[in-house]
Each structure stands twice: as C-alpha cells, then as structure tokens.
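To start, the structure under review is shown below, and the notes come after it.
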Amino acid sequence: MQSVAQAWLVYRLTGSALLLGTVGFASQIPVFLFAPLGGITADRVNRQRLVIATQTASMILAGILAWLTRSGHIQVWHIFLLAGFLGVVNAFDIPGRQSFLIDMVGKEDLMNAIALNSSMFNGARVIGPAVAGILVSKIGEGWCFAANSLSYIAVLVGLLLMKVRSVPRKSNRSPIEDIIEGFRWVNRTKIIRSLLFLIGLVSLVGMPYTVLMPVFADKILHGGARGLGILMGATGVGALFGALTLAAKTGIKGLGRWVTITCATLGISLFLFSFSTSFWLSAALLLPCGYSMMLQMACSNTLIQTIVPDHLRGRVMSLYSMMFMGMAPFGAFFGGALANRIGAPMTVAVGGIACVFGAIWFGRALPELRIEARRLIVAQGLAGGEPVQELNAQPVEE
C-alpha cells in the first residue's frame with residue numbers, strides 16, 4: 001500500500017516520471033547494498049528478535065510519513081529520506097523473515113510453509129498496491145501510510161506471542177569471510193545462480209511497469225487515481241489466482257518448468273499492455289502480468305529454500321533479496337529515465353521482450369539444472385511431500 005501511495009504522492013507533487021523512478025531507486029537500493037549484512041545477521045542472531053526489531057522500525061517510519069503527509073508538511077526530500085531508511089530496514093528484514101520460516105515449522109512442514117509464505121509475500125506486493133490505488137482516490141495518501149503503520153501492531157503482537165526456539169548460530173570466522181562463503185556457494189551452484197539471475201532480470205526490466213503505472217493511468221489511459229486503483233486491482237486479481245495455483249500444487253516437481261513459462265507469459269503480457277490505449281483492455285492484460293510475476297517469484301523462492309543448507313539460509317536469502325528487491329531500484333531508475341526519453345509504453349515493451357529472452361535462456365538450461373537440483377534436494381532430505389527415493393528415481397526429462 002505504501003509503495004503505490006508514495007509513488008502517487010511523488011507524481012502529484014512533481015509530475016515527473018524521472019522522480020517516480022528515483023524514489024523507487026532510493027527505497028530499494030539499500031536492499032542491494034546492505035542485504036549481505038542482513039543475511040549474515042540472520043545466520044548469527046535470534047531470528048525472531050531480528051524480525052521484531054525490523055517490523056518495529058518499519059512501523060515507526062510509516063507513522064512519520066503518515067504524520068508529515070496528513071499535516072501538510074510533506075516535501076519530496078522527506079519522502080526520499082524515509083524511503084531510504086525503510087530500504088535499510090528491509091535489507092535486514094527480508095533475509096531474517098525468510099530464514100525464520102524453518103525455525104517456526106521445522107523441516108517436516110518447510111515445503112508447505114514456503115509455498116504459503118511465498119504466496120502471501122508476493123501476493124501482498126501486488127494486492128496491497130491495488131488497495132492503495134483505491135484508497136488514494138477516496139481518502140488520500142496520508143491515510144494509506146497511517147493504515148500501514150497501524151497494521152504492524154497485529155504483526156508485532158503475533159510475533160511476541162510465538163513460542164519459537166530460534167537459537168543464535170556461532171561462527172569462528174569474521175562476518176566478511178562468512179559473507180564470501182555464501183557468495184561462493186551460490187556461484188558454484190548452477191541452479192541457484194540461474195534462478196537468481198532470472199529473478200534479477202525480471203526485477204530490472206519487468207517490474208518497472210509498476211513504477212510507471214501512474215503515467216499510464218493518468219496520461220495514456222486517462223483514468224486518474226481511480227484508474228490507478230483499478231489497474232493495480234487487476235494485477236492483484238491475477239496475483240491472487242497465482243497464489244491459488246501454487247497452493248493447489250503438491251510437491252516441487254515441475255516448478256522449474258513453471259518458472260520458465262511464467263517468465264515468458266509475463267514478458268508477452270507486458271509487451272501487449274504497452275501498446276494498449278483502451279483502459280479496460282489494459283486492465284485485462286494486467287491479469288496475466290500479476291499472475292505470472294507472483295508465480296515466478298514464489299516458485300523460485302520455493303526451489304531456493306528447498307535446496308539451500310540451513311547454515312547458509314540467511315546469506316542465500318539475502319542474495320534472493322538483492323535480486324528480487326535490490327535490482328528493482330536500478331530498474332525503477334533506468335525505467336524512469338528511459339520513459340523520459342522514449343515514453344513509458346516503449347520502456348515497458350522493451351522490458352517485456354527482455355523477459356521473453358530470459359525465459360528462453362532458462363528453459364534451454366533447465367534439463368542440466370534439474371540434475372543438480374535433484375541431487376541437492378535429496379542431500380537436504382526434502383522432497384516437498386514426495387518420497388525422497390521417488391524424487392531421486394525420476395528421469396531427467398520429467
């Protein structure tokens with residue numbers, strides 16, 4: 001909710017597509033810069049306390065933004081500063097929260113927990129902005145920020161009530177050595193490296209369409225804030241169906257193929273959306289966009305968490321954060337700059353084509369990647385509800 005309300009506030013104050021991209025850059029570049037520190041922190045400290053600390057900080061920052069906006073004192077530099085602070089918090093929150101999953105449910109239920117968490121995490125990133133678009137048109141940006149701040153109360157109460165054994169993990173090496181170990185493991189693990197590369201590509205060239213959505217809603221489709229809410233709502237409906245699709249799946253077999261297909265359909269949908277001048281056609285084309293993006297990220301998250309050893313979980317999930325959210329600011333910044341030069345439609349079209357090429361590359365590498373993935377999953381003793389022996393016996397072509 002806060003992301004879209006913040007983007008609309010910047011656009012309302014400045015009318016600049018470049019600044020839209022820049023505020024996205026300011027809010028997410030700290031994730032790229034500080035996520036490795038967040039990852040090593042998640043691997044060394046009590047993860048429950050880490051998540052409580054980051055959620056408290058997020059609540060305070062949202063409250064400050066709400067007060068500044070409602071009081072009429074808000075200025076663009078305030079938005080940039082608070083967005084930057086929130087990015088630093090997220091750099092520690094995301095790997096901490098992702099790693100906390102195994103502490104909550106154990107290895108027996110980890111696969112189901114990952115699927116549920118991925119659905120909620122990615123669905124919230126799409127459904128929340130849809131709600132924000134409607135609320136902005138009805139009651140203004142300030143109340144969106146206030147609602148976001150108040151929502152953390154329930155989160156914190158839930159975290160404090162949990163009776164979870166989250167043991168800090170000691171290390172005899174320096175933090176730098178541990179961070180390097182995580183990078184090296186990912187670099188020599190082809191399946192993880194390929195999944196992270198594809199996530200980074202989509203975040204860089206695919207996600208900027210959400211940053212540029214105010215431009216489409218206002219100048220191209222002439223829908224204003226209400227139109228922005230409807231467009232984001234269409235994306236949210238698509239994401240909801242993506243979450244239901246993942247929830248209906250049992251086991252991890254075929255997830256690599258799903259990643260390939262959803263990346264391709266995202267690119268095709270974005271390309272078609274970029275050329276639409278009909279409001280309702282554009283809204284319809286955003287349904288597969290939300291569906292594909294949600295499902296690709298959730299499937300990738302599930303595969304990564306299934307493969308990674310627990311002692312490296314925080315560090316690997318920090319790299320996931322870097323690719324998922326950390327690459328997005330570069331996409332937002334360059335997307336905004338490119339939209340200033342060639343227009344928002346052409347910018348989104350180029351991103352869609354790049355997503356299709358990424359899907360082709362990953363699909364061609366998939367048969368080889370499956371062999372390594374199967375070996376690592378069996379080593380972890382996790383088969384996502386499938387007997388390990390059966391998973392190990394599956395032919396490569398499946």
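Determine if region 205-224 includes at least one residue that is of a type in the set (A, V, I, L, M, F, W, C) and over 23 Å from Gly267 (Cα atoms). No, because not a single residue in region 205-224 is of a type in the set (A, V, I, L, M, F, W, C) and over 23 Å from Gly267 (Cα atoms). The C-beta contact set for region 331-347 (first residue among the charged types (D, E, K, R), second residue at pLDDT 85 or above, distance under 9 angstrom, 6+ apart or interchain) comprises Arg341/Thr347.
Consider region 239-285 and keep the residues that are of a type in the set (Ser, Thr, Tyr) and assigned to a helix (DSSP H, G or I). The one that is farthest from Pro208 (Cα to Cα) is Thr245.
Hey, any hits in region 301-323 for a residue that's surrounded by 22 or more Cβ atoms within 10 Å (Cβ to Cβ), at pLDDT 90 or above and not charged (D, E, K, R)?
No, region 301-323 contains no residue that is surrounded by 22 or more Cβ atoms within 10 Å (Cβ to Cβ), at pLDDT 90 or above and not charged (D, E, K, R).
When the residues of region 146-169 are filtered to those that are at pLDDT 90 or above and not aliphatic (A, V, I, L, M), which remaining residue is surrounded by the most Cβ atoms within 10 Å (Cβ to Cβ)?
Of all residues in region 146-169, those at pLDDT 90 or above come to 146, 149-162.
Among the residues that remain, those that are also not aliphatic (A, V, I, L, M) are: 149, 151-152, 158.
Details: Ser149: 20, Ser151: 15, Tyr152: 18, Gly158: 10.
Filtering region 146-169 for residues that are at pLDDT 90 or above and not aliphatic (A, V, I, L, M), the one surrounded by the most Cβ atoms within 10 Å (Cβ to Cβ) comes out as Ser149.
Pairs are defined by a Cβ separation below 6 Å, a sequence spacing of at least 6 or placement on different chains, a first member in region 175-189 that is open to solvent by less than 20 Å² (accessible area, probe 1.4 Å), and a second member that is of a type in the set (D, E, K, R) and at pLDDT 85 or above; the pairs so defined are Gly182/Arg315; Val186/Arg193. Of all residues in region 92-114, those satisfying the criterion of being in contact with a helix residue (DSSP H, G or I) (Cβ under 6 Å, 6 or more places away or on another chain), among the hydrophobic types (A, V, I, L, M, F, W, C) and at pLDDT 80 or above are Phe92, Ile94, Phe100, Leu101, Val105.
Residues in region 251-265 that are in contact with a Leu (Cβ under 9 Å, 6 or more places away or on another chain) and open to solvent by less than 30 Å² (accessible area, probe 1.4 Å) were compared, and the one that is nearest to Leu287 (Cα to Cα) is Thr262.
When Ser27, Ser71, Ser99 are screened for being within 27 Å of Gly331 (Cα to Cα), of a type in the set (Ser, Thr, Tyr) and open to solvent by 20 Å² or more (accessible area, probe 1.4 Å), only Ser27 passes.
The values are calculated or read from the model by the stated rules, or taken from the named source; none is laboratory data. Please read these numbers as outputs of a predicted model, since none were measured by experiment. Don't worry about glycine lacking a Cβ; one is built from the backbone with ideal geometry, like all the others, and counts go over all protein chains shown. Ligands, DNA and RNA are stripped out before the accessible areas are found, and what is left, the full protein with its side chains, is counted by its heavy atoms. Shrake-Rupley method; radii C 1.70, N 1.55, O 1.52, S 1.80 Å.
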